[in-house]
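A.B. asks: Okay, handing you the structure first.
The values are calculated or read from the model by the stated rules, or taken from the named source; none is laboratory data. Because the structure is predicted, anything quoted here is derived from the model rather than measured. Reconstructed Cβ throughout: ideal geometry from the backbone, glycine too, with neighbour counts over all protein chains shown.
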Amino acid sequence: MKKFKNGFLALALVAGISGGVISKIQAMPKQADASYEWQKFNHDGTRDPSLDETATISQATADYSCPGSVTLCASGTKVAGSGTGPNTATLRYSN
């Protein structure tokens, strides 16, 4: 019975340590998505500087509502040191 008790305590100790390590790994900061300086374009190709912004690709896609692949919607240049991602990005309208 003593072996069983010691084995159970050892198993509990290993599980506790493993859980702590996993929690620390999950809490580590992740590499941020890159931010871009966006230039907005209208459907006719003219610039709309009033809507320029600094945002990630996913933020700009949501803000500009251009999930397509045809006409230029916005062009972004990566902000230096802002995270991982390509140096330039392009969003397009679906029409």
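A.B. asks: Being over 24 Å from Ala32 (Cβ atoms) and in contact (Cβ under 8 Å) with a residue 12 or more places away in the chain is the filter here; which residues of segment 43-85 pass it?
C.D. replies: His43, Gly45, Gly68, Ser69, Val70, Thr71, Leu72
A.B. asks: Any chance segment 29-39 includes a residue that's within 17 Å of the chain's Cα centre (by Cα), in a helix (DSSP H, G or I) and at pLDDT below 90?
C.D. replies: First, the residues of segment 29-39 that are within 17 Å of the chain's Cα centre (by Cα): 29-38.
Next, only the ones that are in a helix (DSSP H, G or I) stay: none.
Taking every residue of segment 29-39 in turn, none turns out to be within 17 Å of the chain's Cα centre (by Cα), in a helix (DSSP H, G or I) and at pLDDT below 90.
A.B. asks: Do you know which residues across segment 86-95 are over 17 Å from Gln39 (Cβ atoms) and surrounded by 10 or more Cβ atoms within 10 Å (Cβ to Cβ)?
C.D. replies: Initially, segment 86-95 is screened for residues over 17 Å from Gln39 (Cβ atoms), giving 94-95.
Correct list: Ser94 only.
A.B. asks: Sticking with this one: Select from segment 52-76 the residues that are in a loop (DSSP other than H, G, I, E, B) and of a type in the set (S, T, N, Q) and write down the one among them that is surrounded by the most Cβ atoms within 10 Å (Cβ to Cβ). Reasoning before the result, please.
C.D. replies: Taking segment 52-76 and keeping what is in a loop (DSSP other than H, G, I, E, B), we get 52, 56, 65-66, 69-70.
Among the residues that remain, those that are also of a type in the set (S, T, N, Q) are: 56, 65, 69.
Numbers: Thr56: 19, Ser65: 11, Ser69: 10.
Filtering segment 52-76 for residues that are in a loop (DSSP other than H, G, I, E, B) and of a type in the set (S, T, N, Q), the one surrounded by the most Cβ atoms within 10 Å (Cβ to Cβ) comes out as Thr56.
A.B. asks: Can you confirm whether segment 40-51 contains a residue that is among the aromatic types (Phe, Trp, Tyr), out of contact with any Cys (no Cβ under 9 Å at 6 or more places or on another chain) and modelled with pLDDT of 95 or more?
C.D. replies: Our first condition is that a residue be among the aromatic types (Phe, Trp, Tyr); within segment 40-51, this holds for 41.
Among the residues that remain, those that are also out of contact with any Cys (no Cβ under 9 Å at 6 or more places or on another chain) are: none.
No: segment 40-51 contains no residue that is among the aromatic types (Phe, Trp, Tyr), out of contact with any Cys (no Cβ under 9 Å at 6 or more places or on another chain) and modelled with pLDDT of 95 or more.
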